[in-house]
Every structure is written in structure tokens, then in C-alpha cells.
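Here the structure comes first, spelled out in C-alpha cells, and everything after it is commentary.
The values are calculated or read from the model by the stated rules, or taken from the named source; none is laboratory data. Keep in mind that this is a model prediction, so the values were computed, not measured. Counting neighbours? That spans all protein chains shown, and the Cβs are built from the backbone with ideal geometry, glycine included.
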């Protein structure tokens, strides 16, 4: 079953950036999938507004303590992955401007997510590229960049705290 937003998007042949709608929807779903995986590993996560439309920064930020990962997501089923020079340089600038570790996360069908550092891309005639073969050789998966620590529900209570009576209003902290 599709959401109202997906129905609205599907009614158009292209999104605002001129990409086919199915690529936009696939990309957005993939980003949300990765966002959920990072959250389940105990990270606070944010998906950038305008993700997939503007290339001012990465799609996802995953944070825990002093650690921040900036992740540009790509769901692409071809033998290589390309970033146009403008997007590549904006990601390089992003990494230089802060302490986050920046990765391009490539979702390969039936294989999963692979993480590529920016300096692992090769400058081609028109774009920055990485092959699927090189990506498999690097073999950097989510669990290798985000230390595993499952998110757990924590219940905080004060021991020996009196229960408020029906006539009392609980104090606000």
C-alpha cells in the first residue's frame, strides 16, 4: 500500500531534479532503511531535508557521543557508481568543514550496503567513480564503520520515591 505522498509523486513522470520518479522513491526508501539500521545500532540519526534533490550535504547524519558519520546514499544496480564533480566536491568540503567521517553508502541489490570513503573514488573524464569489484574488495559494511551497540529501552525511576497521592500534583523536573 502506498502513502498519499507516494501516490502524488507517482502521478508525475519526474521529480524536481528531473530524475525518474521510481529512482527518487527507491532512493528515499533506501535512505529510510539505512536510517533505521543506524538507529537500531544506537545512533541518533537525521535524514537531510531535500535529500535527493539538492546536493549541499550528505543524506544522513549518524551521531553518538563525539562520533559523527555523514552518509551519502546511493541505490544503484550497475557495475560502477558515479558522483558528478559538483556533488563529490561538496561532500569533500563537508568532510573538511567538520569532524564527521564521510562515506558514500552504496546499496547493491541482494548484497546489501557497502561504504566507500571519498578518497577511494577515482576521477574519470566526467565523474568520480568506484567499481562494484573494488567496492566488494574493500568490503566495508555498516557494522564495520558503526560499532554495534543495540539500542535498548531504559526505564528510569527513582528508588524509594513516594507515589503521588490522588490529591497531589506530581512535581515537574
Checklist line | Members of the stretch 50-68 found to be outside any strand (DSSP E or B) and at pLDDT below 90, listed by number | finding: 50, 52, 53, 55, 56, 57, 65, 66
Item checked: Filter result (in a strand (DSSP E or B) and free of Cβ contacts under 8 Å to residues at least 12 places away in the same chain) within the stretch 124-145 -> none
Next item on the list: Just give me the residues in the stretch 69-82 being at pLDDT below 90 and assigned to a strand (DSSP E or B), in sequence order.
Entry: 75
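Residue-by-condition table, conditions (1) surrounded by fewer than 10 Cβ atoms within 10 Å (Cβ to Cβ); (2) at positive phi; (3) modelled with pLDDT of 95 or more:
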residue: 101; (1), (2), (3): no, no, no
residue: 106; (1), (2), (3): no, no, yes
residue: 115; (1), (2), (3): no, no, yes
residue: 118; (1), (2), (3): no, no, yes
residue: 132; (1), (2), (3): no, no, yes
residue: 142; (1), (2), (3): no, no, no
residue: 158; (1), (2), (3): yes, no, no
residue: 165; (1), (2), (3): yes, no, no
residue: 170; (1), (2), (3): yes, no, no
Check: Residue check: is residue 97 over 17 Å from residue 36 (Cα atoms) and either modelled with pLDDT under 95 or surrounded by 11 or more Cβ atoms within 10 Å (Cβ to Cβ) (or both)?
Finding: yes
Check: From 90, 111, which residue is at pLDDT 90 or above, surrounded by 15 or more Cβ atoms within 10 Å (Cβ to Cβ) and out of contact with any strand residue (DSSP E or B) (no Cβ under 8 Å at 6 or more places or on another chain)?
Finding: 90
